[in-house]
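Here the structure comes first, spelled out in structure tokens, and everything after it is commentary.
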Amino acid sequence: MSSDCLFCRIIRREIPAAIVAEDEHAVAFRDIGPQAPTHVLVVPRQHVSTLDAVEDPQLIGNLMLLAAQVARAEGIVDAGYRTVINTNSGAGQTVFHLHVHVLGGRRLSWPPG
Ligand code: AMP
Ligand code: ZN
């Protein structure tokens, strides 16, 4: 828990967000600047700044399973979807509370930019 962390504040319902799923480990909400028709962020309830700081394998496992559940609920599994974790600013990380992007609903090119 971090008092001035944006995603911790969303988890605590101090800042509004369109929450689409949650369980005891993680919360999923729509990205405020969607890059695809479905663009959901899945974040652990526990504050962890980056993937590099993760020590508990269950934390990342729980996160990815909720991401997969969100994709099923969004109906984007058969067409294909992408899960992305940006680590540090050179890779585009702007919010330093670990999050998985779930992107789908359009054709996704490879490699990413
Ligand atoms: P990243 O650039 O990988 O750190 O991803 C951070 C994401 O958080 C970006 O895609 C932003 O659009 C998104 N974001 C920033 N502020 C909010 C917010 N208040 N609610 C939902 N998503 C947000
Ligand atoms: Zn946080």
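Every number in this text was worked out from the coordinates using simple rules, so none of it is lab data. Note that the coordinates shown come from a computational prediction; the quantities given were computed from them, not determined experimentally. Ideal geometry is used to build each Cβ from the backbone, glycine not excepted, and the neighbour counts take in all protein chains shown.
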Just to verify a result, which residue in segment 1-26, among those that are surrounded by 13 or more Cβ atoms within 10 Å (Cβ to Cβ) and within 11 Å of ligand 1 (Cβ to nearest atom), is farthest from residue 105 (Cα to Cα)? 9
Single match in 16, 44, 34 (criterion: free of Cβ contacts under 8 Å to residues at least 12 places away in the same chain and under 13 Å from the mean Cα position of the chain (by Cα)): 34
Hey, does segment 27-46 have a residue that's surrounded by 13 or more Cβ atoms within 10 Å (Cβ to Cβ), part of a loop (DSSP other than H, G, I, E, B) and either in contact with a Gly (Cβ under 7 Å, 6 or more places away or on another chain) or among the β-branched types (Val, Ile, Thr) (or both)? yes
Give the residue that is farthest from ligand 1 (Cβ to nearest atom), with candidates limited to residues of segment 47-71 that are over 23 Å from residue 108 (Cβ atoms), of a type in the set (A, V, I, L, M, F, W, C) and in a helix (DSSP H, G or I). 59
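For segment 94-107, give me the residue count where each residue is in a loop (DSSP other than H, G, I, E, B) and either within 8 Å of ligand 2 (Cβ to nearest atom) or in contact with a helix residue (DSSP H, G or I) (Cβ under 9 Å, 6 or more places away or on another chain) (or both). Before you say what the answer is, go through the steps one by one.
Within segment 94-107, the subset in a loop (DSSP other than H, G, I, E, B) is 94-99, 105-107.
From what's left, either within 8 Å of ligand 2 (Cβ to nearest atom) or in contact with a helix residue (DSSP H, G or I) (Cβ under 9 Å, 6 or more places away or on another chain) (or both): 95-99, 105.
Qualifying residue count, segment 94-107: 6.
Looking only at segment 90-109, how many residues end up being more than 9 Å from ligand 1 (Cβ to nearest atom), surrounded by fewer than 21 Cβ atoms within 10 Å (Cβ to Cβ) and on the phi < 0 side of the Ramachandran plot?
Residues of segment 90-109 more than 9 Å from ligand 1 (Cβ to nearest atom): 90, 98, 100, 102-109.
Restricting the remaining residues to those that are surrounded by fewer than 21 Cβ atoms within 10 Å (Cβ to Cβ) gives 90, 105-109.
Okay, now just the ones that are also on the phi < 0 side of the Ramachandran plot, so 90, 106-109.
Residues flagged as more than 9 Å from ligand 1 (Cβ to nearest atom), surrounded by fewer than 21 Cβ atoms within 10 Å (Cβ to Cβ) and on the phi < 0 side of the Ramachandran plot within segment 90-109 amount to 5.
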Within 16 Å of ligand 2 (Cβ to nearest atom), more than 15 Å from residue 105 (Cα to Cα), loosely packed, with under 14 Cβ neighbours inside 10 Å and not acidic (Asp, Glu) - does that describe any residue in segment 72-85? no
